[in-house]
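Peer 1: Pasting a structure here, questions to come.
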Amino acid sequence: MNDIRVRFAPSPTGPLNIGGIRTALYDYLLAKKHGGTFILRIEDTDQKRFVEGAEEYVIDALHWLGIAPDEGPRAGGDYGPYRQSERKATYGKYVQQLIDSGHAYYAFDSHEELEQMRTRLERQGIQRAKYDASTRMDMRNSLSLPEDEVKKLLDNNASYTVRLKVIPGETISFEDEIRDKVSFSSDELDDKILLKTDGMPTYHMANIVDDYLMKISHVIRGEEWLSSTPHHILLYRYLGLEGSIPKFAHLPLLLKPVGKGKLSKRDGAKFGFPVFPMEWNNPDGQIYEGFKEAGFLPEAIINFLAFLGWNPGTEQEIFSNDGLAKAFSLKQVSKGGARFDFDKAKWFNQQYIIHTEDQKLAELIATDIKEAGYTVSQEYLTKFCGLMKERVVTLKDFLSAGSFFFVKPDKFDEKTIRKKFKLENKDHIQNLISELSELSDFDSAELEKVVKGYIEKNELGFGAILPILRIGVSGTMKGPDLFSTMELIGKAEVISRLNSNLELFKQIKTENQA
């Protein structure tokens with residue numbers, strides 16, 4: 001393919017959700033696969049729904065995810081402006097061309113008149129009232145009114161919209177890159193509004209004009225836009241731009257975790273997972289946690305989302321961004337909905353954490369450690385990450401699961417203490433603590449040698465000593481290698497913990513027997 005130009009065109013009406021990210025990702029992958037251009041266009045023609053900060057959120061999210069656009073409001077480019085609100089003057093001549101050619105018309109109907117039309121049709125048993133060939137001549141527009149009255153209304157600056165004139169009885173077909181041939185009857189279509197009363201174009205009009213002027217080769221979007229495509233095909237045709245119609249690809253829905261219904265932000269609250277890439281502060285004061293704040297790596301999110309509707313046709317699951325681009329094909333995107341499996345998202349994140357360098361992980365969690373009030377060196381933090389990274393799922397887990405590396409534990413696995421701690425072994429443990437305190441080299445190899453040597457010399461079972469040492473140091477049976485843990489925490493702190501906790505264990509055991 002040559003001259004691949006794709007656009008991600010969100011409306012700044014709120015945060016970028018998971019479905020939007022997937023669309024942007026597929027745009028990005030197709031462009032990178034063919035050496036093309038990935039464009040961000042902000043479709044802000046609906047000023048009533050504009051939300052402050054939404055545009056910046058979209059751009060920041062794409063950058064964090066590693067799929068930054070080549071052209072856009074922040075990146076610039078030769079086909080700007082990239083905000084539709086700044087392109088208002090561009091659309092007028094195309095709207096006028098449609099009016100002059102008889103493919104669009106002025107509509108002067110008030111809101112009340114439109115409601116009356118819907119009510120009248122509903123009384124006639126027509127459930128889906130449409131402004132189309134069957135109703136337009138009963139309404140107030142430039143097709144039904146005398147020419148001189150239309151001129152008078154326009155000269156007096158009467159409020160109007162411009163509507164597309166859809167001819168009934170036609171079949172509109174196109175080849176979808178995912179769904180193959182798709183056909184619609186024009187009888188199913190309404191006369192879409194192209195220009196609103198405020199002079200701004202609707203999505204349909206601006207979308208077509210901008211895609212043409214920006215030389216868009218492929219339009220990738222959700223399947224909810226499939227029913228709008230015949231209108232867009234007609235607009236290209238009526239404007240004489242049939243040779244510029246892009247290839248369309250309508251993505252399957254992202255489904256709820258239970259597999260039924262479209263995924264929504266309410267599902268995140270219900271099932272306990274984020275549905276936005278980064279934290280979003282809603283104008284109503286509600287804060288939505290993002291994948292970033294939940295401790296996910298952007299590379300893991302990208303890999304996870306790529307598989308929500310696409311399959312490479314192999315057993316491979318872990319891909320770099322470059323690897324995804326090389327493997328990606330719209331022909332391998334499923335027609336059916338993709339269930340949002342948060343457990344799978346966590347699995348991807350775990351894999352990426354395991355294969356991330358310890359130093360980089362340390363940098364990623366440094367702020368969490370500092371905010372928790374712990375002060376350690378970068379070297380300590382790097383070694384900590386190396387010990388913990390195969391035992392965590394998110395970056396947040398490093399601190400929650402490994403807090404004992406920074407502070408003496410105040411909670412203990414009392415069940416294991418009651419089961420494993422024998423009062424008759426208290427002296428053995430005390431003797432072992434004394435031997436450990438005499439070590440000049442407090443490294444894992446030497447610690448293992450001394451502890452296991454003592455156990456064997458005194459004909460003790462490993463289960464009688466090692467669990468008590470582990471809980472004495474960390475408070476839990478979960479965690480990385482005991483001796484590596486002891487080495488990193490350090491001799492003074494380990495000995496202090498063991499000495500103080502030994503008495504506590506004795507108390508727990510005694511209370512249990514009582």
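The values are calculated or read from the model by the stated rules, or taken from the named source; none is laboratory data. Keep in mind that what you see is a predicted model, and the values were worked out from it rather than measured. Here Cβ is always computed from backbone atoms with ideal geometry, including for glycine, and neighbour counts include all displayed protein chains. Ligands, DNA and RNA are excluded from the accessible area calculation, which covers all protein heavy atoms including side chains. Shrake-Rupley method; radii C 1.70, N 1.55, O 1.52, S 1.80 Å.
Peer 1: From the set of residues in the stretch 261-283 that are more than 20 Å from Pro12 (Cβ to Cβ) and of a type in the set (Gly, Ala, Ser), which is most open to solvent (accessible area, probe 1.4 Å)?
Peer 2: Step by step, filter the stretch 261-283, then rank; the result is Ala269.
Peer 1: Which one of the conditions (1) part of a helix (DSSP H, G or I); (2) in contact (Cβ under 8 Å) with a residue 40 or more places away in the chain; (3) open to solvent by less than 30 Å² (accessible area, probe 1.4 Å) does Gly323 fail to meet, given that it meets all the rest?
Peer 2: Gly323 satisfies all of (1) part of a helix (DSSP H, G or I); (2) in contact (Cβ under 8 Å) with a residue 40 or more places away in the chain; (3) open to solvent by less than 30 Å² (accessible area, probe 1.4 Å) except (2).
Peer 1: Taking only the stretch 381-411 into account, find how many residues are farther than 30 Å from Lys344 by Cα and open to solvent by less than 40 Å² (accessible area, probe 1.4 Å).
Peer 2: Summing the residues that are farther than 30 Å from Lys344 by Cα and open to solvent by less than 40 Å² (accessible area, probe 1.4 Å) in the stretch 381-411 gives 2.
Peer 1: Being free of Cβ contacts under 8 Å to residues at least 24 places away in the same chain and over 25 Å from Ala492 (Cβ atoms) narrows it down to one residue among Thr375, Thr367; which is it?
Peer 2: Values: Thr375 fails: over 25 Å from Ala492 (Cβ atoms).
The match here is Thr367.
Peer 1: Go over the candidates Lys509, Lys478 one by one and state the one that is part of a helix (DSSP H, G or I) and of a type in the set (Lys, Arg). I'd like the intermediate steps shown before the answer.
Peer 2: Values: Lys478 fails: part of a helix (DSSP H, G or I).
None of the others qualify; the one that does is Lys509.
Peer 1: Which members of the stretch 44-66 meet the condition of being under 15 Å from Glu293 (Cα atoms) and either aliphatic (A, V, I, L, M) or over 15 Å from the mean Cα position of the chain (by Cα) (or both)? Explain how you work it out, then say what you get.
Peer 2: Here is the first cut: in the stretch 44-66, the residues under 15 Å from Glu293 (Cα atoms) are 57, 60-61, 64-65.
Correct list: Ala61, Leu65.
Peer 1: On to the next question. Of everything in the stretch 140-185, what is of a type in the set (Lys, Arg), in contact (Cβ under 8 Å) with a residue 12 or more places away in the chain and within 24 Å of Ser228 (Cα to Cα)? Give them in sequence order.
Peer 2: Narrowing the stretch 140-185 to residues of a type in the set (Lys, Arg): 140, 151-152, 163, 165, 179, 181.
This time we only want the ones that are in contact (Cβ under 8 Å) with a residue 12 or more places away in the chain, so: 140, 163, 165, 179.
Arg163, Lys165, Arg179, listed by residue number.
Peer 1: In the set Glu448, Glu459, which member is modelled with pLDDT under 95 and open to solvent by 40 Å² or more (accessible area, probe 1.4 Å)? Lay out the reasoning, then the answer.
Peer 2: Values: Glu448 fails: modelled with pLDDT under 95.
Residue meeting the stated conditions: Glu459.
Peer 1: Shifting gears a bit: It is to be established whether one or more residues within the stretch 112-133 are modelled with pLDDT of 95 or more, surrounded by fewer than 13 Cβ atoms within 10 Å (Cβ to Cβ), assigned to a loop (DSSP other than H, G, I, E, B) and out of contact with any helix residue (DSSP H, G or I) (no Cβ under 6 Å at 6 or more places or on another chain).
Peer 2: Checked the stretch 112-133: no residue is modelled with pLDDT of 95 or more, surrounded by fewer than 13 Cβ atoms within 10 Å (Cβ to Cβ), assigned to a loop (DSSP other than H, G, I, E, B) and out of contact with any helix residue (DSSP H, G or I) (no Cβ under 6 Å at 6 or more places or on another chain).
Peer 1: Conditions first: (1) under 20 Å from His204 (Cα atoms); (2) surrounded by fewer than 17 Cβ atoms within 10 Å (Cβ to Cβ). Gly66 passes all but one, so which condition is the exception?
Peer 2: The failed condition is (1).
Peer 1: If a residue has to be under 17 Å from Asp190 (Cα atoms), hydroxyl-bearing (Ser, Thr, Tyr) and open to solvent by 70 Å² or more (accessible area, probe 1.4 Å) to count, how many in the stretch 140-177 make the cut? Spell out how you get there, then give the answer.
Peer 2: So the first thing to find is which residues in the stretch 140-177 are under 17 Å from Asp190 (Cα atoms), and the list is 140-144, 161-173.
So of that shortlist, the ones also hydroxyl-bearing (Ser, Thr, Tyr) come out as 142, 144, 161, 171, 173.
Of the ones still in play, those that are also open to solvent by 70 Å² or more (accessible area, probe 1.4 Å) are 171.
Residues that pass the stated criteria total 1.
Peer 1: Would you check which residues across the stretch 459-514 are touching a residue at least 24 places away in the same chain (Cβ under 8 Å) and of a type in the set (Lys, Arg) and list them?
Peer 2: Of everything in the stretch 459-514, those that are touching a residue at least 24 places away in the same chain (Cβ under 8 Å) and of a type in the set (Lys, Arg) turn out to be Lys478, Lys491, Arg497, Lys506, Lys509.
Peer 1: Please enumerate the residues belonging to the stretch 236-251 that are out of contact with any strand residue (DSSP E or B) (no Cβ under 9 Å at 6 or more places or on another chain) and open to solvent by less than 50 Å² (accessible area, probe 1.4 Å).
Peer 2: Selection gives Tyr236, Leu239, Leu241, Ser244.
Peer 1: Let me ask another. If you check Ala300 against the conditions, is it modelled with pLDDT of 95 or more, within 24 Å of Ala61 (Cα to Cα), open to solvent by 10 Å² or more (accessible area, probe 1.4 Å) and among the aliphatic types (A, V, I, L, M)? Steps first, answer last, please.
Peer 2: Values: modelled with pLDDT of 95 or more: yes; within 24 Å of Ala61 (Cα to Cα): yes; open to solvent by 10 Å² or more (accessible area, probe 1.4 Å): no; among the aliphatic types (A, V, I, L, M): yes.
Against the criterion (modelled with pLDDT of 95 or more, within 24 Å of Ala61 (Cα to Cα), open to solvent by 10 Å² or more (accessible area, probe 1.4 Å) and among the aliphatic types (A, V, I, L, M)), Ala300 does not qualify.
Peer 1: Do any helices (runs of 4 or more DSSP H) entirely within the stretch 350-462 hold 1 or more residues that are under 49 Å from the mean Cα position of the chain (by Cα), and if so, which?
Peer 2: 358-371, 378-388, 395-402, 414-420, 444-457
Peer 1: Before we move on, is Ile21 in contact with a Lys or Arg (Cβ under 7 Å, 6 or more places away or on another chain) and not polar (S, T, N, Q)?
Peer 2: No, not satisfied.
Peer 1: Take the residues in the stretch 303-317 that are assigned to a loop (DSSP other than H, G, I, E, B) and not hydrophobic (A, V, I, L, M, F, W, C), then tell me which one is surrounded by the fewest Cβ atoms within 10 Å (Cβ to Cβ). Reasoning before the result, please.
Peer 2: Keep residues of the stretch 303-317 that are assigned to a loop (DSSP other than H, G, I, E, B), which gives 307-309, 311-317.
Subsequent filtering for residues that are not hydrophobic (A, V, I, L, M, F, W, C) retains 309, 311-317.
Details: Gly309: 20, Asn311: 13, Pro312: 17, Gly313: 9, Thr314: 7, Glu315: 5, Gln316: 9, Glu317: 15.
Step by step, filter the stretch 303-317, then rank; the result is Glu315.
Peer 1: If a residue must be surrounded by 17 or more Cβ atoms within 10 Å (Cβ to Cβ) and hydroxyl-bearing (Ser, Thr, Tyr), how many such residues does the stretch 349-380 contain?
Peer 2: 3
Peer 1: List every residue pair whose Cβ atoms lie under 7 Å apart, where the two residues are 6 or more positions apart in sequence or sit on different chains, the first residue falls within the stretch 339-350 and is in contact (Cβ under 8 Å) with a residue 24 or more places away in the chain, and the second residue, located anywhere, is among the charged types (D, E, K, R) and surrounded by fewer than 19 Cβ atoms within 10 Å (Cβ to Cβ).
Peer 2: What qualifies is Phe340/Lys256.
Peer 1: So for the stretch 79-89 (the condition being open to solvent by 60 Å² or more (accessible area, probe 1.4 Å), more than 39 Å from the chain's Cα centre (by Cα) and aliphatic (A, V, I, L, M)), does at least one residue qualify?
Peer 2: No, there is no match, as no residue in the stretch 79-89 is open to solvent by 60 Å² or more (accessible area, probe 1.4 Å), more than 39 Å from the chain's Cα centre (by Cα) and aliphatic (A, V, I, L, M).
Peer 1: In addition: What pairs can you find where one residue is in the stretch 442-455 and at negative phi, the other is of a type in the set (S, T, N, Q), and their Cβ atoms are less than 7 Å apart, with a gap of 6+ or different chains?
Peer 2: Matching pairs, first to second residue: Ser444/Ser484.
Peer 1: Also, I was wondering about something else. Report the residue count in the stretch 308-323 for those that are out of contact with any helix residue (DSSP H, G or I) (no Cβ under 7 Å at 6 or more places or on another chain) and among the aliphatic types (A, V, I, L, M).
Peer 2: 0
Peer 1: Right, something else. Against the definition (of a type in the set (A, V, I, L, M), under 30 Å from Pro274 (Cβ atoms) and surrounded by 15 or more Cβ atoms within 10 Å (Cβ to Cβ)), how does Leu466 come out, yes or no?
Peer 2: No.
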